[in-house]
Amino acid sequence: GICVGKNSDLFIEGTAESTTQFSTAGVHQSVFAGGPTDAFLAKWDTSGNFYWCSYLGGMNEEHGRGVKTDGAGNPYIIGWSNSHTGMSTPGAYQEEWFEAYENDGFPKYDGFLAKFKKDGSLEWGTYYGGGGKDQVFDLTIDNDNDFVYFGGLTASTFNISSPESYQPALGGKTDGFFTKFSFTGTRIWGSYF
C-alpha cells in the first residue's frame, strides 16, 4: 500500500523478507522479528527523501496490505498475522492472537490494524479475528468524524461482528466482513457480509 499524508509525507506499507539493511534506528521495531515475513511501514517525502522504516511482526508470519493517514498525518496499516505476539498493544480491542490451527498444524491468520505516529513509533495495534482464518485487505479513513473502516475475509464464527450489526453471524464457510474503529483503537461495530 502507498499513500500521501500531510506535509507531503509519503508512506509505503507491505511485506518484508529482508532481515538486514532495511529498517532504521529509533522506530517501533528496528529488528526483523523472525519467521518468513514481517509487515513494514516506511516514510518518505514526495521528493524521494527517505526518513525511516519500521518492521511490525512477531515470530511467525505477517503480511501488510494497506496504509492510509488521518487528518493529523498519522498512518494506519492493515494486514494479517499468525504470530502469537508482536502485533498488539496493552488494552487493545484484541490483545492476543486467537490460537487456532489448520489440520496440518499451520497457525491460522488473524487480521490486524495498527496506528503509527509520524515519527515511526507505534501508538496502538490490535489483532482482529477468531477461530477461523481472518485477513484484512483494505481500509479507509473518515477524517471528518475520526473513524477507521477496514474489511476483509473471515472464516471465524466469533470476534468479528457486533450483536446488532447488519449480519451478526457467519453466513457460510467464508464471509466478507467490515468494521468501524475510532482513532483511539475502540471498535464501534463489525459485521459479516
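Can you work out D for segment 1-112 in µm² s⁻¹ from Stokes-Einstein, where Rh is the Kirkwood radius over C-alpha pairs, the temperature is 4 °C and the viscosity is 1.567 mPa s?
Working: Rh = 14.6 Å.
For these conditions, the coefficient is 89 µm²/s.
Compute for the chain: radius of gyration divided by Kirkwood radius, i.e. Rg/Rh, restricted to C-alpha atoms, rounded to two decimals. If you can, show how the numbers build up before the last one.
Details: Rg = 16.0 Å, Rh = 16.6 Å.
On the Cα set of the chain, Rg over Rh gives 0.97.
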*Please report, in Å, the Rg and the Dmax of segment 80-166, where both are computed over Cα atoms only.*
13.7, 46
_Between 123, 102, 61, where does the largest GNM mean-square fluctuation fall for the chain, given springs only between Cα atoms within less than 10 Å?_
102
*For the chain: accessible area per residue (Å², 1.4 Å)*: 45 Å²
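Taking all protein chains in place and a 1.4 Å probe, what share, in percent, of the accessible surface of the chain do carbon and sulfur account for? Don't skip to the end; give the middle numbers.
Values: 4400 of 8760 Å².
C and S atoms contribute 50 percent here.
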*Between segment 80-98 and segment 126-156, what is the C-alpha centre distance in whole Å?*
14 Å
_Where 47, 83 fall by accessible area, highest first, once all protein chains stay in place (1.4 Å)_ = 47, 83
*Classify segment 42-98 as rounded, prolate or oblate from the Cα gyration tensor: take a ≥ b ≥ c as the square roots of its eigenvalues, call it rounded if a/c is under 1.5, otherwise prolate when a/b beats b/c and oblate if not.*
prolate
*asked:* Could you identify which residue out of 67, 136, 31 has the top mean-square fluctuation in a GNM of the chain using Cα springs shorter than 10 Å?
replied: 31
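Ignoring the sites themselves, what is the longest stretch of the chain with no trypsin sites (Lys or Arg not before Pro) in a DSSP loop and at most 14 other beta-carbon atoms within 10 Å?
Details: sites that count: 117, 173.
That gives 1-116 as the longest site-free run.
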_Can you find, among 93, 116, 143, the residue sitting farthest towards the positive end of the charge dipole of the chain, where Lys and Arg contribute +1 and Asp and Glu -1 at Cβ?_
143
*asked:* Can you pull out the chymotrypsin sites (Phe, Trp or Tyr not before Pro) in segment 129-168 whose DSSP state is coil and whose Cβ has at most 11 other Cβ atoms within 10 Å?
replied: none
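The values are calculated or read from the model by the stated rules, or taken from the named source; none is laboratory data. Note that the structure is a prediction, hence the values are computed from the model and not measured. Here the Cβ is made from the backbone with ideal geometry for all residues, glycine too, and neighbour counts use every protein chain on show. These accessible areas exclude ligands, DNA and RNA; they are computed on the full protein's heavy atoms, side chains included. Shrake-Rupley method; radii C 1.70, N 1.55, O 1.52, S 1.80 Å.
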